[in-house]
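Accompanying notes for the structure given below.
Each value in this text was obtained by applying a stated rule to the coordinates, not by laboratory testing. These numbers come from a predicted model, not from an experiment. Don't worry about glycine lacking a Cβ; one is built from the backbone with ideal geometry, like all the others, and counts go over all protein chains shown.
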Amino acid sequence: MEPVKLGTGWTQILLEAAENVRSGVRNTILNRPSMGVQELKDLLDAEAQQAIRKTLKDAGEPVHVISEEGDYSIGEGGPYIVADPVDGTTNLAKGIPLAVTSLAISETPLLSGVQIGIILDLYTGETYRAEIGRGSWRGGQRMTPSGPKLLKDALVSMDISKGHPIEPMEPLIQKARYLRQYGCSALSICHVASGIMDAHVDLRGTLRITDAAAALLMLKEAGGVYITNGEMNGDIELSRGSTMTLIAASNPGTLEEILNHTS
């Protein structure tokens, strides 16, 4: 399939969409309705999805949207937007300040075609962005991963959950000096790109491309490295059904040591 060349202005459109998501979900949280956590999560996801859709429709550009909350097209043809309207919905609904909206735009229906990534912290309003070949930024500051570091000195985030065996992670858990789990994959990867974390690991095979597409561009543009589904810088179809295992690291040495401590 021939790539769809992006027109100008897409960075601003994605930033506006992310800001509109934040405005909408903050109003809901501040005026929290009387409902259970799952019902609130569903409401937040729906509001975020609608905010993105309205922004894109108002922009008047044709686009295909691959979203964790449902796919749709605006007009005919156009590039591909990969969206997770709220990554960390449970955190957001429970008042844990680890939740973002994640948006990426691609010239092709593959991860390798992603040109721009925008991630907005729904609590702080901090913006992470990347453009292929131009680097990645946290706010106005260029992102740079941490330098080479042995696991015994490293700060590693990971995603583990019930229903998935923990045994492949046990050697890593024993070896790494510090461990964290955010429940927000996009933010975890951004923190590797910006040097806060030394690595992020998710071996469950359930991480969706909608969660990771923007953040992986940021990591790559910052100078970090990653393996998806066992392949260095692996390419993945941009679809809601696409999932992966992921090892993201600040540098090749740390990545190699993690590989030696996982199975």
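Tell me, Tyr226, Tyr178 in order of fewest to most beta-carbon neighbours within 10 Å?
Ascending number of Cβ neighbours within 10 Å: Tyr178, Tyr226.
How about the range 144-206: which trypsin sites (Lys or Arg not before Pro) there are in a DSSP loop, with at most 13 other Cβ atoms within 10 Å of their Cβ? Don't jump to the answer; show the numbers that get you there.
Numbers: sites: Lys149, Lys152, Lys162, Lys175, Arg177, Arg180, Arg204; in loops: Lys149, Lys162, Arg177.
Of the trypsin sites (Lys or Arg not before Pro), the ones in loops of the range 144-206 whose Cβ has at most 13 other Cβ atoms within 10 Å are Lys162, Arg177.
So what's the net charge close to Glu126: Lys and Arg +1, Asp and Glu -1, counting the other residues with Cβ under 13 Å from its Cβ?
Value of the local net charge: +1.
Give me the net charge of Arg177's neighbourhood, meaning all other residues with Cβ under 14 Å from the Cβ of Arg177; Lys, Arg count +1, Asp, Glu -1.
+1
Report the Cα centroid-to-centroid distance between the range 143-180 and the range 62-90 in angstrom, as an integer.
31
Which whole-number percent gives the relative contact order of the range 10-142, counting Cα pairs below 8 Å spaced six or more residues apart?
RCO, the range 10-142: 19 percent.
For Leu179, enumerate residues with amide H under 5 Å from its amide H, sequence gap 5+ or separate chain, H modeled in the peptide plane.
Long-range HN contacts for Leu179: Val156.
DSSP loop GluC sites (Glu not before Pro) in the range 25-83 with at most 12 other Cβ atoms within 10 Å of their Cβ, which ones?
Those satisfying the criteria are Glu76.
Just want the answer: with Cβ charges of +1 for Lys and Arg and -1 for Asp and Glu, which residue in Met35, Ser73, Ala99 is farthest toward the dipole's positive end in the range 32-123?
Final value for the positive-end residue is Met35.
How long are the three semi-axes of the equivalent ellipsoid for the range 168-263, computed from the Cα gyration tensor as the root of 5 times each eigenvalue, in whole Å, largest first?
Value: 19, 15, 13 Å, ordered largest first.
Using only the Cα atoms of the range 10-142, construct the convex hull and provide its projected area averaged over every direction, in square nanometres to one decimal.
7.9
Among Val65, Val100, Val192, Val37, which comes first, second and so on when ranked by fewest other beta-carbon atoms within 10 Å?
Numbers: Val65 21, Val100 34, Val192 29, Val37 11.
In increasing order of surrounding Cβ atoms, one gets Val37, Val65, Val192, Val100.
Starting from the Cα of Lys94, step 7 Å along the direction of its Cβ; do the same at Gln12; then give the gap between the two resulting points in nm.
With each label placed 7 Å out from Cα toward Cβ, I get 4.0 nm.
With a ≥ b ≥ c taken as the square roots of the eigenvalues of the C-alpha gyration tensor of the range 67-191, please select rounded if a/c is under 1.5 and otherwise prolate if a/b is larger than b/c or oblate if it is not? Display every interim value, and only then the final one.
On the way: a/c = 1.78, a/b = 1.49, b/c = 1.20.
Here the range 67-191 falls in the prolate category.
Given Ser250, Met169, Gly234, which one lies farthest toward the positive end of the charge dipole of the range 151-260, if we put +1 on the Cβ of every Lys and Arg and -1 on the Cβ of every Asp and Glu?
Met169
Cα to Cα, under 22 Å, and not fewer than 8 places away if on the same chain: which lysines meet these conditions relative to Lys149?
Filter leaves Lys175, Lys220.
Using the Cβ atoms and a cut-off under 10 Å, what net charge is assigned to the surroundings of Asp45, where Lys and Arg are +1 and Asp and Glu are -1?
Taking every Cβ under 10 Å from that of Asp45, the sum is -4.
State to the nearest 20 debye the size of the charge dipole of the chain about its Cα centre, where the only charges are +1 on K and R beta carbons and -1 on D and E beta carbons. Intermediate results must be reported in sequence, preceding the final value.
Values: 23 positive and 32 negative charges, 151 e Å.
Roughly 720 debye for the chain.
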